[in-house]
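Worksheet: the structure to be examined is printed underneath.
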C-alpha cells in the first residue's frame, strides 16, 4: 500500500505514525501499552484478533487500527505470559480470554490503562473533526485484513486452482467496487 507503515494513520495531514506532519513522529502505543489495551478488551468477553483490532479502531473512530502484524505477536506474548488463554475456536479463529494473571496485571496497571484510553479517546475526538479519515478508516482496516488473510492462505505451495479462485474473488470485488 502506498505511504505509511501498516497499522498507522495515513495521509490527512499526519505523519506515517499518527503525529502531525513535520512535527516529529509519535507512536500510538509505547512498549507494553498495546498489551494492556488487549487485556482490557478481553476482560469483558473473550475475543479473537480481528475483533480486537476492530475494537481499537472503534475506540479511535477509525483514526487508528493496529495491524495484525502487531496484534497477533502481542497476543502470543500475552498467552506465553499466562495473561490470556486461547479458548474454543470460532470459525477457525482462536478466541482469547483473560486469565487470573491477566486480571492481576490489569489491576496493577489501571492508572496506565486510563491514560492510554484517554489518549485513544483524544484520537477519536480528532478523527471526528477529520471527516475524510473517519470515513476511510474502515476501508484501510479491511484492506489490512485482506492482506493478512492472503499472506496466511498462500504460504507454501497452494494449488494453481486455489490461487485462480482467490484471484477471481479479488477481481470480482474490485469490479463491484468500481460499480458503486
Checklist entry - Quick one: would you say residue 32 is in contact with a strand residue (DSSP E or B) (Cβ under 8 Å, 6 or more places away or on another chain) and modelled with pLDDT under 90? => result no
Checklist entry - Under the condition of being under 18 Å from the mean Cα position of the chain (by Cα) and closer than 25 Å to residue 152 by Cα, which residue from the range 91-117 is surrounded by the fewest Cβ atoms within 10 Å (Cβ to Cβ)? => result 93
Checklist entry - Just to be sure, is residue 122 at pLDDT 90 or above and in a helix (DSSP H, G or I)? => result no
Item to check | Positions within the range 32-85 being assigned to a helix (DSSP H, G or I), more than 14 Å from the chain's Cα centre (by Cα) and surrounded by fewer than 18 Cβ atoms within 10 Å (Cβ to Cβ), in sequence order | outcome: 43, 44, 76, 77, 79, 80
Item to check | Residues of the range 52-67 satisfying the condition of being at pLDDT below 90 and within 16 Å of residue 94 (Cα to Cα) | outcome: 54
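The values are calculated or read from the model by the stated rules, or taken from the named source; none is laboratory data. Remember, it's a predicted structure, so these values are computed and weren't measured experimentally. Note that each Cβ is placed from the backbone with ideal geometry, even for glycine, and that neighbours are counted across all protein chains shown.
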